[in-house]
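Asks: Let me give you the structure first, and then I'll get to my questions.
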Amino acid sequence: MKKPFYILALLPLTFALLLTSCGPSKKLVESRSRVEKLQNDSASAHNNLKDCYSQVQNLNDEKAFLQKENAAAQQNLKAINTQSKMTIADQAIRLQNLQNLIQTQRDVMNNLKNSIAAALLNYSADELTVYIKDGNVYVSLQEKLLFKSGSDVVDPKGKEALKKLAMVLNNTRDITVLIEGHTDNVPIKTKQYMDNWDLSTARATSIVRVLTVENTFDPNRITAAGKGSFHPVQSNETAEGRSANRRTEVILSPDLKELFKILEQ
């Protein structure tokens, strides 16, 4: 009777052992987990290695670029060193040449001013003035000498003054001429002129035609510009100020080519 009882008691234990032997063991699960972790670590390391290779390539490219830039900088430095070898004596000569040229241009412009003033001696100060400003010669011609109010047709007396001016200019080389028309601030709007810009420009152009067409001044050396009412010489609050602002300026400038040549050396 006891033997069957023991057999019956051992049956569940035997069955449990059989079930355990059929499934994966704990060590096997742990081994699989370690293998999976190693595989993941290997993939991560491989990706990191690829990133490192990419960074190395970028660094090599940057190094090549910096080497190229350094070579260019060295070349520029060599050129600067060559230029800086100018001796003190050379610099002194260059400075003296520059000063001589500037003084020569001053003398030319002073002589030009005196020649123009002498040619226009018979005109009064309220008709025109001749002066030097910023190294340029200005011949400021008032409206009363050149034009009737609101017109761009040059009066005979104005043409005579421009003829005398052209005689001096035609005998003077290495200058350029700018004609600037100016008005007061009283608005104008007619069939012929939209505004003061229009009138000032038309007057400047009329003066250019008198100098070039009628008096053979070189048109390649002259420019016309209209300034309207925006560059007054006196206040527009008075009749005298407005009269002074209604003017045409002939601005004579020296040719600076030789000066620039010395500066570029």
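The rows are residues; the columns are (1) modelled with pLDDT of 95 or more; (2) under 28 Å from the mean Cα position of the chain (by Cα); (3) crowded, with 17+ Cβ neighbours inside 10 Å.
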residue: Asp198; (1), (2), (3): yes, no, yes
residue: Ala204; (1), (2), (3): yes, no, yes
residue: Ile207; (1), (2), (3): yes, no, yes
residue: Val213; (1), (2), (3): yes, no, no
residue: Thr238; (1), (2), (3): yes, no, no
residue: Lys261; (1), (2), (3): no, yes, no
residue: Glu264; (1), (2), (3): no, yes, no
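Asks: Conditions: (1) among the aliphatic types (A, V, I, L, M); (2) under 30 Å from Thr176 (Cβ atoms); (3) at pLDDT 75 or above. Leu98 meets all but one. Number of the miss?
Replies: It is condition (3) that Leu98 fails.
Asks: Does Ile116 satisfy the condition of being modelled with pLDDT under 90, touching a helix residue (DSSP H, G or I) at 6+ places or on another chain (Cβ under 9 Å) and assigned by TED's automatic domain parsing to the domain that holds Ser200? Show your work before the answer.
Replies: Numbers: modelled with pLDDT under 90: no; touching a helix residue (DSSP H, G or I) at 6+ places or on another chain (Cβ under 9 Å): yes; assigned by TED's automatic domain parsing to the domain that holds Ser200: yes.
For Ile116, the condition - modelled with pLDDT under 90, touching a helix residue (DSSP H, G or I) at 6+ places or on another chain (Cβ under 9 Å) and assigned by TED's automatic domain parsing to the domain that holds Ser200 - is not met.
Asks: Looking at region 164-178, is at least one residue in contact with a Gly (Cβ under 9 Å, 6 or more places away or on another chain) and surrounded by 17 or more Cβ atoms within 10 Å (Cβ to Cβ)? Break it down stepwise before answering.
Replies: To start, the set of residues in region 164-178 that are in contact with a Gly (Cβ under 9 Å, 6 or more places away or on another chain) comprises none.
No.
Asks: Take the residues in region 110-132 that are charged (D, E, K, R) and more than 35 Å from the chain's Cα centre (by Cα), then tell me which one is surrounded by the fewest Cβ atoms within 10 Å (Cβ to Cβ). Give the steps one after another, and end with the answer.
Replies: Looking only at region 110-132, we keep the residues that are charged (D, E, K, R), and these are 113, 126-127.
Adding the requirement that they be more than 35 Å from the chain's Cα centre (by Cα) leaves 126-127.
Working: Asp126: 12, Glu127: 18.
Among residues in region 110-132 that are charged (D, E, K, R) and more than 35 Å from the chain's Cα centre (by Cα), the one surrounded by the fewest Cβ atoms within 10 Å (Cβ to Cβ) is Asp126.
Asks: Just name the residue that is nearest to the chain's Cα centre (by Cα) out of those in region 152-184 that are assigned to a loop (DSSP other than H, G, I, E, B) and modelled with pLDDT of 95 or more.
Replies: Filtering region 152-184 down to residues assigned to a loop (DSSP other than H, G, I, E, B) leaves 152-155, 171-174, 182-184.
Those still in the list that are modelled with pLDDT of 95 or more too: 152-155, 182-184.
Working: Asp152: 36, Val153: 39, Val154: 39, Asp155: 42, His182: 28, Thr183: 31, Asp184: 32 Å.
The selected residue is His182.
Asks: Return a yes/no flag: does region 214-235 have any residue that is in contact (Cβ under 8 Å) with a residue 24 or more places away in the chain, closer than 13 Å to Thr176 by Cβ and hydroxyl-bearing (Ser, Thr, Tyr).
Replies: yes
Asks: Next question, about the same structure. Going by what's in this entry, would Pro187 be described as in a loop (DSSP other than H, G, I, E, B) and either touching a residue at least 40 places away in the same chain (Cβ under 8 Å) or acidic (Asp, Glu) (or both)? Break it down into steps so the answer makes sense when it comes.
Replies: Details: in a loop (DSSP other than H, G, I, E, B): yes; either touching a residue at least 40 places away in the same chain (Cβ under 8 Å) or acidic (Asp, Glu) (or both): no.
So Pro187 does not fit the description; no.
Asks: Right, next: For Asn122, indicate whether it is free of Cβ contacts under 8 Å to residues at least 12 places away in the same chain, at negative phi and not in a helix (DSSP H, G or I). First the steps, then the outcome.
Replies: Numbers: free of Cβ contacts under 8 Å to residues at least 12 places away in the same chain: yes; at negative phi: yes; not in a helix (DSSP H, G or I): yes.
Here the answer is yes, as Asn122 does meet what is asked.
Asks: Within region 147-182, restricting attention to residues that are in contact with a strand residue (DSSP E or B) (Cβ under 6 Å, 6 or more places away or on another chain) and aliphatic (A, V, I, L, M), which residue is farthest from Met109 (Cα to Cα)?
Replies: Applying the first criterion (in contact with a strand residue (DSSP E or B) (Cβ under 6 Å, 6 or more places away or on another chain)) to region 147-182 yields 175-182.
After this cut, where a residue has to be aliphatic (A, V, I, L, M) as well, the list is 175, 177-179.
Values: Ile175: 9, Val177: 13, Leu178: 15, Ile179: 17 Å.
Per the criteria, the residue is Ile179.
Asks: Here is a follow-up. Examine region 134-143 for a residue that is in a loop (DSSP other than H, G, I, E, B), more than 36 Å from the chain's Cα centre (by Cα) and either on the phi > 0 side of the Ramachandran plot or crowded, with 18+ Cβ neighbours inside 10 Å (or both), and state whether such a residue exists. Before the answer, list the steps.
Replies: So the first thing to find is which residues in region 134-143 are in a loop (DSSP other than H, G, I, E, B), and the list is 134-135.
Within this subset, residues satisfying the condition of being more than 36 Å from the chain's Cα centre (by Cα) are none.
No, because not a single residue in region 134-143 is in a loop (DSSP other than H, G, I, E, B), more than 36 Å from the chain's Cα centre (by Cα) and either on the phi > 0 side of the Ramachandran plot or crowded, with 18+ Cβ neighbours inside 10 Å (or both).
The values are calculated or read from the model by the stated rules, or taken from the named source; none is laboratory data. Given the structure is predicted, the values throughout are model-derived calculations rather than measurements. Cβ atoms come from the backbone with ideal geometry, glycine included; neighbour counts cover every protein chain shown.
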